[in-house]
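Engineer: Just passing along the structure, written as structure tokens.
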Amino acid sequence: MTKPALHTNRKGSRLSNYLSSLGVSQHKPSQQNFAERVGELIGLPGSLVLSSAPLKVKPQPAASSDQGIQDLFLEQHNQLVQFIAACFDGSETRRRFQLPSIHQDTEKPLTDLKRFYINVQTELAGQVYKLHILIKDAAADISPHLKQLCTLDSAMSDILSNHIKRSFSSIPNHLDQRFQYWQQHSDDNFESAISNFCQELQQLLLAELDARLQTTYGLIEAVNEQVSTSND
């Protein structure tokens with residue numbers, strides 16, 4: 001089967017790299033001491049949860065539904081990318097997801113744009129969660145090995161969910177710096193400053209989507225590997 005294009009990056013995620021390129025992240029992506037940092041996030045309570053997850057499974061041949069999983073992912077992924085584009089090009093019909101019209105006499109332009117970003121961000125979080133559950137449930141039916149992996153995935157998600165939410169919710173706090181940057185570097189052209197800022201918002205949302213999908217990419221890679229091994 002043809003594998004989906006997975007946007008993994010050994011030198012850091014697309015989101016962390018993009019934030020660094022914008023100069024709004026104080027920490028550059030690093031793989032050093034990765035295990036230790038994950039251990040700190042999990043802590044003792046999380047370790048106890050993981051230790052209770054079933055680890056031994058009886059080897060069985062994989063089912064043949066891997067192509068359906070990939071097709072489902074690609075379809076949903078494309079819809080999410082199109083949703084982000086629609087929010088910026090005026091084709092999105094739901095008002096809360098429409099890019100606000102900003103003019104020089106707009107009282108609080110940054111407040112309006114940040115509210116828009118948070119609305120889109122929240123919708124993405126919900127849709128990615130639903131997609132991950134669909135992929136995980138489908139993957140668990142392919143083989144006992146993948147069912148075990150999905151059990152661990154659920155445990156890790158529960159343990160790290162609060163940390164992940166805090167990390168993503170902090171992104172809008174960095175937008176002030178970029179808004180000020182474009183105001184100062186657009187030759188007093190307000191429309192140009194807003195246009196450049198909104199382009200960055202769109203790229204940031206795409207990078208955030210990629211980051212939110214990392215665990216789902218991992219499940220699909222595991223499905224590909226499982227089916228490939230079973231067919232050898």
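Engineer: Compute the FRET efficiency between residue 107 and residue 169 as 1/(1 + (r/R0)^6), taking r as their Cβ-Cβ distance and R0 = 22 Å, and round to the nearest 0.05.
Structural biologist: Details: r = 25 Å, r/R0 = 1.13.
After rounding, the FRET efficiency stands at 0.35.
Engineer: Taking +1 at the Cβ of each Lys and Arg and -1 at the Cβ of each Asp and Glu, which of 169, 154, 125 sits farthest along the dipole of segment 119-180 towards its positive end, judged by Cα position relative to the Cα centre?
Structural biologist: 169
Engineer: May I ask for log10 I(q)/I(0) of segment 108-232 at q = 0.14, 0.17 Å⁻¹, from a Debye sum over the Cα atoms as equal point scatterers with solvent left out?
Structural biologist: Each listed q maps to, in turn, -0.71, -0.88.
Engineer: A further question follows. Tell me, in nm to one decimal, what length is gained between residue 133 and residue 228 on full extension, where the rule is 0.36 nm per residue of separation less the Cα-Cα distance? Please list the in-between numbers first.
Structural biologist: Numbers: separation 95, 0.36 × 95 = 34.20 nm, distance 2.29 nm.
Between residue 133 and residue 228, full extension yields 31.9 nm more.
Engineer: I need the peptides 116-129, 212-225 ranked by packing, meaning the mean over residues of other C-beta atoms within 10 angstrom, with the highest value on top.
Structural biologist: On the way: 116-129: 17.2, 212-225: 18.8.
Peptide ranking by packing, descending: 212-225, 116-129.
Engineer: In square nanometres, what is the average projected area of the Cα convex hull of segment 74-134? Display every interim value, and only then the final one.
Structural biologist: Numbers: hull surface 17.6 nm².
Hull-based average projected area comes out at 4.4 nm².
Engineer: Looking at segment 81-132, which trypsin sites (Lys or Arg not before Pro) are DSSP coil and have at most 14 other C-beta atoms within 10 Å of their C-beta? Could the numbers behind the result be given before it?
Structural biologist: Details: sites: 94, 95, 96, 114, 115, 130; in loops: 94.
Here the trypsin sites (Lys or Arg not before Pro) that fit, given the DSSP loop and packing criteria, are 94.
Engineer: A further question follows. Say R0 is 35 Å: what FRET efficiency, to the nearest 0.05, do residue 191 and residue 81 get from their beta-carbon distance? Please report the intermediate quantities before stating the final value.
Structural biologist: Working: r = 26 Å, r/R0 = 0.75.
Computed FRET efficiency for residue 191 and residue 81: 0.85.
Engineer: Quick one: Cα centre-to-centre distance for segment 82-137 and segment 148-163, in angstrom?
Structural biologist: 27 Å
Engineer: Then there is this: Mind computing the radius of gyration and Dmax over the alpha-carbon atoms of segment 188-232? Å is fine for both.
Structural biologist: 19.3, 64
Engineer: Assigning unit charges at the beta carbon (Lys, Arg +1; Asp, Glu -1) and nothing else, what dipole magnitude in debye, to the nearest 20, does segment 129-232 show about its Cα centre?
Structural biologist: Values: 7 positive and 14 negative charges, 84 e Å.
About 400 debye.
Engineer: Quote to one decimal, in nm, the extra length available between residue 148 and residue 176 on full extension: 0.36 nm per residue of separation minus the C-alpha distance between them. Working shown, then result.
Structural biologist: Values: separation 28, 0.36 × 28 = 10.08 nm, distance 4.36 nm.
Taking residue 148 through residue 176 to full extension adds about 5.7 nm, to one decimal.
Just so you know, all these numbers are worked out from the coordinates, no wet-lab data involved. These numbers were taken from a predicted model, which means no experiment stands behind them. Neighbour counts are summed over all protein chains in view; Cβ atoms, including those assigned to glycine, are modelled from backbone coordinates with ideal geometry.
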